[in-house]
Amino acid sequence: MFNFHYRLERNAMGLVLAIIVVASIGGLIEIAPLFTIDETVEDAPDMRVYTPLELAGRNIYIREGCYACHSQMIRTLRDEVERYGPYSLAVESKYDHPMLWGSKRTGPDIARLGGKYSNEWHVAHLYNPRDLVPESKMPAYRWLLRNSLEIDDLGEHLAAMRAVGVPYTDEMIENATADAYGQANPDSGQAAGVAERYGDATNVSLFDGKPETLTEMDAVVAYLQILGRLTDAARQAEQAKVE
Amino acid sequence: MVAQLTALERTYAAIILVVVICVGVAMAVVGRGDLLAVHGWIVAAYGMAVMVVLLRGIDASEPWEERFREYYDDPTRVGIILSLIWGVIAMAVGVWVAALLAWPDLTFDAAWASFGRLRPVHTSGVIFGFGGNALIATSFHVLQRTTRARLPDQLSPWFVLLGYNLFCVMAATGYFMGMTQSKEYAEPEWYADLWLVVVWVVYFLIYIRTLARRREPHIYVANWYYMAFILVVAILHIVNNLAVPVSIGHAKSYALFSGVQDAMTQWWYGHNAVAFFLTAGFLGMLYYYLPKRAGRPIYSYRMSIISFWGITFMYMWAGSHHLHYTALPHWVQTLGMVFSLVLLVPSWASAGNALLTLNGAWHKVRDDAVLRFMMLAAIFYGIATFEGSFMAIRAVNSLSHYTDWTVGHVHAGALGWVAMITFGSLYALVPWMWKRPALYSAKLVEVHFWLALSGTVVYVFSMWNSGIIQGLMWRTYDQNGTLAYSFLDTLVAMHPYYIARTFGGLLFLAGAVVAFYNVWMTISRPAPIDEGAAADLPVEPPAPRAWAQAGE
Ligand code: HEM
Ligand code: HEM
């Protein structure tokens, strides 16, 4: 073996090839099957895609680096399930390009945040977390209320998401901008289309409380309210286990 | 510096810069109304700044043919300085980030100054800015010395060094503006990623072309590691960054993979960024500078072989230990755990090989703080890998994951291993590169050593405490069988440790500033003539020598 190596060391290209081959094996064996083995991702027929407004909110969540402190992955441990809710299933992040599972909980897990607090709570909390939670370490995101939301190009965003495999329809892509507006303005003419395309359960609301403007706050709160609610699969799985 | 380029190379350099400037302007035009335009202007400005330097030297006389009898070290010199600048800046951001976790309002009401945007500036700044520049600079030096061949040309090393720094600038400025893919350690957007691929291919070609011209039959161990670093980082970078941009006028892109596949790809990348960026490259440094400084050959050639191939093979399986108890299939988690445990063998073989090399030179370790930096690095390498293998056990990870224990482990590796071996190697390298008999001050190296060691110890111990306390509180039940502590209770318990960590970081940062000052004084002053600081090292008279006439 050492004699073989003694020769290998004299051959630069041999060494290069050996490194590539030896290093590729692990990734190939662990990653490639995840795309082909069916059991990897559960079925969830009720799973819906993000609305344009929620997607815009998700992009702001990424932009601000929220994922650095909040995980969205409840592990299969008793205390986590009791603290945060049913453990996360693979299917729940099926439309997450990229996933935001996170690796550090400076703040709590938020995989099941949707519906837990009111919109008003979220707006006040994002404006200054320490007004509501004095011990909180979270930054204040005041500019979310100041910045108006960019919605003109949301159709292109949806199209890009479709290119990576998310089933957005032509209609959704065409109406992306109007739907984003409508979801945050329940009284507007555009609101009806949102429920039509994304389902009646979609949260159509004055997220930041202000009808005049569409702000980044609207988008972020819409996103936070959908966390864990794209599908009911995790709750059903837990129910099934109890019964 | 331009004087070292041939006329033809100067022409090529000008062409490349014109292309870079044009690409920058094109980005600015197609990215109108998007942040991409800002990056376009940054690229163009960067290209123009380098162009100014080039044009100012364009008329200098050409280098003589004799240059091939010398090594080409200009890029290494610049790389050393860039590395230290990035180091000081990024560690200062680290201290700021640490302070924000203790006192969250210690910032401005501005988006760029919030924790989530500063944190990747810190991580990319230290890993890629500080670590990456040090790797490039030392790899050029080691490559030439161990092959006894000069770099193949004068232009491509500059392309790699300056092109790489353009990538780092795009990364850091992008985070401030909120441009990120969110993938840890792979945050820069698609266009920056594409650019890095170009730079990296040239980097690889320099390596292989120099090796082809080597005058030593055998390729030295350090080069195996540098090569593994270059090759595997290329593979990881390309696969993990596959994405579809919203349009060519948008900086934003959507990752090709989603959910569980994306998670596995990301942590296959993430863990091997640790393995091949933060470990393999720096082991290359260790294998050259430590034996050199100690004046002793590497203890065991066979141990080097075993640890090299062990690391190259097994690390690539271990990424799934970042995903224990998640929605990742169980069999992948188990594979990750098993390989992480076995990984301890080659890791300790490397650390042991380094320490055994010092056997017989302990008196040097005692007297020479530079060598002591390297020894300490090997020890921390051993500690961090032991800890890592331990944390990869599923049951242990259930406690450590998501807590500051991970952050403690990261910095045991990052401060104790990566930064220490870098400082040690750069201290050894600087006098050679600038032809000085010694560093400006050996005392300051000593001061730096103790600042770095105490900073690391304070940092790591406070994070171990904070992490383990939090992990235990999360899973504590009271007599009624309900969870005993709220999430907020854990924050209150961790607060003192966050203050301690900030203090430890401050010590470490102070050490880095001292290093920068010391290197700067070494370069800018001819040589200390009669200062006590240099007296414990052999002082040669600073006579003008051939190198001084070579137009440097
Ligand atoms: C002055 C010294 C330093 C200080 C004060 C510091 C501080 C910090 C802080 C506060 C965080 C964020 C932790 C969190 O989110 O809870 C962090 C993360 C990180 N730092 Fe540092 N750091 C320092 C030096 C370094 C160096 C030299 C390196 C690498 C060579 C490094 C690599 C990292 C990495 C990889 C992370 C991300 C950890 C993770 O995601 O788990 N740091 N650092
Ligand atoms: C045998 C070697 C090693 C093993 C098996 C190992 C294992 C681990 C494990 C189990 C984690 C925690 C994952 C989690 O729960 O999220 C981790 C995180 C980490 N380790 Fe290591 N480690 C090793 C060596 C090193 C070294 C030498 C460094 C050098 C700096 C390092 C840097 C990191 C970083 C940066 C992270 C944080 C990743 C993140 O969450 O962002 N590791 N490692």
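The values are calculated or read from the model by the stated rules, or taken from the named source; none is laboratory data. Since the structure is predicted, the reported quantities are computational estimates derived from the model, not experimental observations. Counting neighbours? That spans all protein chains shown, and the Cβs are built from the backbone with ideal geometry, glycine included. Side chains included, ligands, DNA and RNA excluded: accessible areas come from the protein's heavy atoms. Shrake-Rupley method; radii C 1.70, N 1.55, O 1.52, S 1.80 Å.
Against the condition at pLDDT below 95 and either aliphatic (A, V, I, L, M) or away from ligand 1 (no atom under 12 Å from the Cβ) (or both), how does B:P496 come out, does it pass?
Values: at pLDDT below 95: no; either aliphatic (A, V, I, L, M) or away from ligand 1 (no atom under 12 Å from the Cβ) (or both): yes.
No; evaluated as a whole, the condition is false for this residue.
Give A:A159, A:A195, A:A178, A:A124 a once-over and let me know the one that is assigned to a helix (DSSP H, G or I), modelled with pLDDT under 95 and farther than 13 Å from A:A56 by Cβ. Explain how you work it out, then say what you get.
Numbers: A:A159 fails: modelled with pLDDT under 95; A:A178 fails: modelled with pLDDT under 95; A:A124 fails: modelled with pLDDT under 95.
Just a single option satisfies the conditions, and that option is A:A195.
Go over the candidates B:V43, B:V52 one by one and state the one that is open to solvent by less than 60 Å² (accessible area, probe 1.4 Å), over 30 Å from B:V492 (Cα atoms) and either aliphatic (A, V, I, L, M) or more than 14 Å from chain A (Cβ to nearest Cβ) (or both).
Values: B:V52 fails: open to solvent by less than 60 Å² (accessible area, probe 1.4 Å).
Residue meeting the stated conditions: B:V43.
For region A:156-185, enumerate the residues that are within 11 Å of another protein chain (Cβ to nearest Cβ), buried (at least 17 other Cβ atoms within 10 Å of the Cβ) and either of a type in the set (A, V, I, L, M, F, W, C) or in contact (Cβ under 8 Å) with a residue 60 or more places away in the chain (or both). Even if it seems obvious, please write down each step before you answer.
Taking region A:156-185 and keeping what is within 11 Å of another protein chain (Cβ to nearest Cβ), we get A:156-166.
The next check asks that each one be buried (at least 17 other Cβ atoms within 10 Å of the Cβ); those that pass are A:156-162, A:164, A:166.
The answer is A:H157, A:L158, A:A159, A:A160, A:M161, A:V164, A:V166.
Which condition from (1) assigned to a helix (DSSP H, G or I); (2) open to solvent by 40 Å² or more (accessible area, probe 1.4 Å) is the one that A:T213 breaks?
Single failed check for A:T213: (1).
Identify, please: which residue in region B:79-105 is within 13 Å of another protein chain (Cβ to nearest Cβ) and within 16 Å of ligand 2 (Cβ to nearest atom) and is, among those, farthest from B:I136 (Cα to Cα)?
Restricting to residues being within 13 Å of another protein chain (Cβ to nearest Cβ) and within 16 Å of ligand 2 (Cβ to nearest atom), the top hit is B:L101.
Going by the conditions given, is B:G352 in a helix (DSSP H, G or I), out of contact with any Lys or Arg (no Cβ under 7 Å at 6 or more places or on another chain) and within 13 Å of ligand 1 (Cβ to nearest atom)? Working first, answer last.
Details: in a helix (DSSP H, G or I): yes; out of contact with any Lys or Arg (no Cβ under 7 Å at 6 or more places or on another chain): yes; within 13 Å of ligand 1 (Cβ to nearest atom): no.
Against the criterion (in a helix (DSSP H, G or I), out of contact with any Lys or Arg (no Cβ under 7 Å at 6 or more places or on another chain) and within 13 Å of ligand 1 (Cβ to nearest atom)), B:G352 does not qualify.
Can you name the residue in region A:115-143 that is under 15 Å from B:F487 (Cα atoms) and aliphatic (A, V, I, L, M) and, of all such residues, is surrounded by the fewest Cβ atoms within 10 Å (Cβ to Cβ)?
A:L132
Just the residues that are over 15 Å from A:F35 (Cα atoms) and either of a type in the set (S, T, Y) or within 16 Å of ligand 1 (Cβ to nearest atom) (or both), please, taken from region B:242-267.
Passing the criteria: B:S247, B:S253, B:Y254, B:W267.
Among the residues of region B:351-390, write down those that are within 15 Å of ligand 2 (Cβ to nearest atom), aromatic (F, W, Y) and in contact with a Gly (Cβ under 7 Å, 6 or more places away or on another chain).
Listed by number, the list holds a single entry, B:F380.
Only one of (1) more than 30 Å from B:S300 (Cα to Cα); (2) of a type in the set (S, T, N, Q); (3) part of a helix (DSSP H, G or I) is not met by B:N223, so which one is it?
Evaluating B:N223 over (1) more than 30 Å from B:S300 (Cα to Cα); (2) of a type in the set (S, T, N, Q); (3) part of a helix (DSSP H, G or I) leaves (1) as the failure.
Of all residues in region A:1-32, how many are open to solvent by 30 Å² or more (accessible area, probe 1.4 Å), of a type outside the set (S, T, Y) and assigned to a helix (DSSP H, G or I)? Step through it out loud before you land on a result.
Taking region A:1-32 first, the residues open to solvent by 30 Å² or more (accessible area, probe 1.4 Å) are A:1-4, A:6-7, A:10-11, A:13, A:17, A:20-22, A:24-25, A:28-29, A:32.
Those left that are additionally of a type outside the set (S, T, Y): A:1-4, A:7, A:10-11, A:13, A:17, A:20-22, A:25, A:28-29, A:32.
The next check asks that each one be assigned to a helix (DSSP H, G or I); those that pass are A:2-4, A:7, A:13, A:17, A:20-22, A:25, A:28-29, A:32.
So the count comes out to 13.
Which residue is farthest from the other protein chains (Cβ to nearest Cβ), if the candidates are limited to region B:462-517 and must be open to solvent by 40 Å² or more (accessible area, probe 1.4 Å) and aromatic (F, W, Y)?
If we take residues in region B:462-517 being open to solvent by 40 Å² or more (accessible area, probe 1.4 Å) and aromatic (F, W, Y), then B:Y517 is farthest from the other protein chains (Cβ to nearest Cβ).
List the residue pairs whose Cβ atoms are under 6 Å apart, where the first residue sits in region B:402-422 and is more than 12 Å from chain A (Cβ to nearest Cβ), the second is within 6 Å of ligand 1 (Cβ to nearest atom) and not aromatic (F, W, Y), and the two are 6 or more positions apart or on different chains.
B:V418/B:G131
Which of the residues belonging to region B:210-242 are farther than 16 Å from B:G284 by Cα and open to solvent by less than 10 Å² (accessible area, probe 1.4 Å)? Can you show your working first?
The initial filter retains those residues of region B:210-242 that are farther than 16 Å from B:G284 by Cα, namely B:210, B:212-217, B:234-242.
B:T210, B:L236, B:N240, listed by residue number.
In this structure, does A:R112 turn out to be more than 7 Å from every other protein chain (Cβ to nearest Cβ) and either open to solvent by less than 10 Å² (accessible area, probe 1.4 Å) or in contact with a Phe, Trp or Tyr (Cβ under 9 Å, 6 or more places away or on another chain) (or both)?
Details: more than 7 Å from every other protein chain (Cβ to nearest Cβ): yes; either open to solvent by less than 10 Å² (accessible area, probe 1.4 Å) or in contact with a Phe, Trp or Tyr (Cβ under 9 Å, 6 or more places away or on another chain) (or both): yes.
Yes: the conditions hold for A:R112.
Please work out if B:G270 is more than 10 Å from chain A (Cβ to nearest Cβ) and open to solvent by less than 20 Å² (accessible area, probe 1.4 Å).
Answer is no for this residue.
Find all pairs meeting these conditions: Cβ atoms under 7 angstrom apart; at least six residues apart or on different chains; first residue within region B:444-460 and in the same structural domain as B:Y381 (by TED's automatic domain parsing); second residue in a helix (DSSP H, G or I) and among the basic types (K, R).
Hits for this filter: B:F449/B:R372; B:Y459/B:R501.
Do any helices (runs of 4 or more DSSP H) lying entirely in region B:363-450 carry at least 3 residues that are open to solvent by 10 Å² or more (accessible area, probe 1.4 Å), and which ones are they?
On the way: elements: B:369-391, B:394-400, B:404-411, B:420-433.
Hits in region B:363-450: B:369-391, B:394-400, B:404-411.
Name the residue that is farthest from B:S454 (Cα to Cα), counting only residues in region B:352-362 that are open to solvent by 10 Å² or more (accessible area, probe 1.4 Å) and touching a residue at least 24 places away in the same chain (Cβ under 8 Å). Even if it seems obvious, please write down each step before you answer.
Of all residues in region B:352-362, those open to solvent by 10 Å² or more (accessible area, probe 1.4 Å) come to B:352, B:355-356, B:359-360, B:362.
Retained after the next criterion (residues that are touching a residue at least 24 places away in the same chain (Cβ under 8 Å)): B:352, B:355-356, B:359-360.
Values: B:G352: 23, B:L355: 21, B:L356: 25, B:N359: 25, B:G360: 27 Å.
The selected residue is B:G360.
Would you point out which residue out of A:D46, A:D79 is within 9 Å of another protein chain (Cβ to nearest Cβ) and either at pLDDT 95 or above or in a loop (DSSP other than H, G, I, E, B) (or both)?
None of the other options fit; the residue is A:D79.
Picking from B:W348, B:W434, B:W417, which residue would you name as being over 22 Å from the mean Cα position of the chain (by Cα), among the aromatic types (F, W, Y) and more than 30 Å from A:S88 (Cβ to Cβ)? It would help to see each step written out before you state the result.
Working: B:W348 fails: over 22 Å from the mean Cα position of the chain (by Cα); B:W417 fails: over 22 Å from the mean Cα position of the chain (by Cα).
Testing whether each residue is over 22 Å from the mean Cα position of the chain (by Cα), among the aromatic types (F, W, Y) and more than 30 Å from A:S88 (Cβ to Cβ) leaves just B:W434.
Just a yes or no: is a residue in region A:8-23 out of contact with any Asp or Glu (no Cβ under 6 Å at 6 or more places or on another chain), within 29 Å of A:Q236 (Cα to Cα) and facing chain B (nearest Cβ under 7 Å)? Walk me through how you get there before you give the answer.
Of all residues in region A:8-23, those out of contact with any Asp or Glu (no Cβ under 6 Å at 6 or more places or on another chain) come to A:8-23.
Checking the rest, the ones that are also within 29 Å of A:Q236 (Cα to Cα) come to none.
No - not one qualifying residue is present in region A:8-23.
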